[in-house]
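Colleague: If you scroll down you'll find the structure; I have some questions about it.
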Amino acid sequence: MDLLEPPDTASATTDLILRAVAFAAHKHRDQRRKDTEASPYINHPIELAHVLWDEGGVRDPVVIAAALLHDTLEDTETSWQELRGEFGEEIADIVLEVTDTKWLDKKVRKRLQVARARHSSERARLVKLADKICNVRDLGTRAPKGWSLERKREYFDWAKEVVDRLRGTHAELERRFDEVYALKP
Ligand code: NDP
Ligand code: ZN
């Protein structure tokens, strides 16, 4: 075998991940996070993928790609059909599973996330776990501009409610969440 030529599966995985990151970067190109520095939005999906890979040891390319794409349905004009066309139904469905229903009131959406968590697929649960780890970490290091102490505390507790319903999915990622939750202000 030519050592310079990676096996086909490795090429296909690299191709999928690069396409997912490029697609997400393009879709989120005009968006910023809510921190005072208004960080580029794409940092967040990349962080999720990194947490899954590096801290969770997750090697399933479908999960990594779904993490990179996880906010495209919720926060950009992307449709499920478009995701299916680009990445296949499996990935489009995971992204849909982690997407809040936009037209619902914020409070209702947040309750629904708690209620739906337990019934999510294993892959969607991994993406959700990473999302909660990253957002709660962000609250500690680069919190949204103008958030009161009370609001941050509410967010920590709500994230924990979701994670408590995902328990049994991935012990190490759950431990990482508990570690960051312990820093609740
Ligand atoms: P959001 O849930 O919209 O804001 C948090 C979300 O913003 C995160 O889940 C994350 O979502 C995204 N995000 C972007 N930048 C950051 C960052 N730097 N750090 C962390 N998260 C970031 O909060 P809402 O404004 O909708 O408020 C939700 C609830 O809070 C409501 O139910 C409301 O009742 C309550 N509230 C409480 C107040 C209080 O003072 N106690 C005041 C106002 C509202 P993603 O991963 O999708 O990007
Ligand atoms: Zn997110």
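Colleague: Could you list, in sequence order, all residues of segment 19-39 that are of a type in the set (Lys, Arg), in contact (Cβ under 8 Å) with a residue 60 or more places away in the chain and surrounded by fewer than 16 Cβ atoms within 10 Å (Cβ to Cβ)?
Modeller: Across segment 19-39, the qualifying residues are Arg19, Lys34.
Colleague: Do we find a residue being among the hydrophobic types (A, V, I, L, M, F, W, C) and within 21 Å of Ile42 (Cβ to Cβ) anywhere in segment 69-79?
Modeller: yes
Colleague: Right, something else. In segment 153-170, which residue that is within 11 Å of ligand 1 (Cβ to nearest atom) and farther than 16 Å from Lys106 by Cβ is surrounded by the most Cβ atoms within 10 Å (Cβ to Cβ)?
Modeller: My answer is Phe156.
Colleague: Could you check Leu83 against (1) over 25 Å from Val163 (Cβ atoms); (2) open to solvent by 50 Å² or more (accessible area, probe 1.4 Å); (3) within 16 Å of ligand 2 (Cβ to nearest atom) and say which number it fails?
Modeller: Exception for Leu83: condition (2).
Colleague: Moving on. Inside segment 127-142, can you point out the residues that are away from ligand 2 (no atom under 13 Å from the Cβ) and in contact (Cβ under 8 Å) with a residue 12 or more places away in the chain? Explain how you work it out, then say what you get.
Modeller: Keep residues of segment 127-142 that are away from ligand 2 (no atom under 13 Å from the Cβ), which gives 140-142.
Answer for segment 127-142, where residues must be away from ligand 2 (no atom under 13 Å from the Cβ) and in contact (Cβ under 8 Å) with a residue 12 or more places away in the chain: Gly140, Arg142.
Colleague: Of all residues in segment 124-138, which are surrounded by 19 or more Cβ atoms within 10 Å (Cβ to Cβ) and touching a Phe, Trp or Tyr at 6+ places or on another chain (Cβ under 8 Å)?
Modeller: Result: Leu129, Lys132, Ile133, Val136.
Colleague: Ok, one more. Here's a check for you: in segment 143-152, which residue that is within 21 Å of Tyr41 (Cβ to Cβ) and either crowded, with 16+ Cβ neighbours inside 10 Å or of a type outside the set (D, E, K, R) (or both) is nearest to ligand 2 (Cβ to nearest atom)?
Modeller: Pro144
Colleague: Next question, about the same structure. Conditions: (1) closer than 24 Å to Gly57 by Cα; (2) modelled with pLDDT of 95 or more. Ala117 meets all but one. Number of the miss?
Modeller: Exception for Ala117: condition (2).
Colleague: Please find, within segment 87-123, the residue that is nearest to ligand 1 (Cβ to nearest atom) out of those that are under 19 Å from Ala49 (Cα atoms) and open to solvent by 90 Å² or more (accessible area, probe 1.4 Å).
Modeller: So the residue we want is Glu122.
Colleague: Somewhere in segment 58-77, is a residue of a type in the set (S, T, N, Q), farther than 23 Å from Trp103 by Cβ and either surrounded by fewer than 24 Cβ atoms within 10 Å (Cβ to Cβ) or within 8 Å of the chain's Cα centre (by Cα) (or both)?
Modeller: Applying the first criterion (of a type in the set (S, T, N, Q)) to segment 58-77 yields 72, 76.
Now narrow it down to the ones that are farther than 23 Å from Trp103 by Cβ: none.
Looking through segment 58-77, none of the residues is of a type in the set (S, T, N, Q), farther than 23 Å from Trp103 by Cβ and either surrounded by fewer than 24 Cβ atoms within 10 Å (Cβ to Cβ) or within 8 Å of the chain's Cα centre (by Cα) (or both).
Colleague: Out of all the residues in segment 25-60, which are assigned to a helix (DSSP H, G or I) and away from ligand 1 (no atom under 12 Å from the Cβ)?
Modeller: Within segment 25-60, Ala25, His26, Lys27, Ile46, Ala49, His50, Val51, Leu52, Trp53, Asp54, Glu55 qualify.
Colleague: Just give me the residues in segment 54-67 being away from ligand 2 (no atom under 11 Å from the Cβ) and closer than 15 Å to Ala20 by Cα, in sequence order. It would help to see each step written out before you state the result.
Modeller: From segment 54-67, those away from ligand 2 (no atom under 11 Å from the Cβ) are 54-66; that's our starting set.
Answer for segment 54-67, where residues must be away from ligand 2 (no atom under 11 Å from the Cβ) and closer than 15 Å to Ala20 by Cα: Asp60, Pro61, Val62, Val63, Ile64, Ala65, Ala66.
The values are calculated or read from the model by the stated rules, or taken from the named source; none is laboratory data. Small disclaimer: the values here were computed from a predicted structure and weren't measured. We place every Cβ from the backbone using ideal geometry, glycine too, and count neighbours over all the protein chains shown. Surface areas here come from the heavy atoms of the whole protein model, side chains and all, with no ligands, DNA or RNA. Shrake-Rupley method; radii C 1.70, N 1.55, O 1.52, S 1.80 Å.
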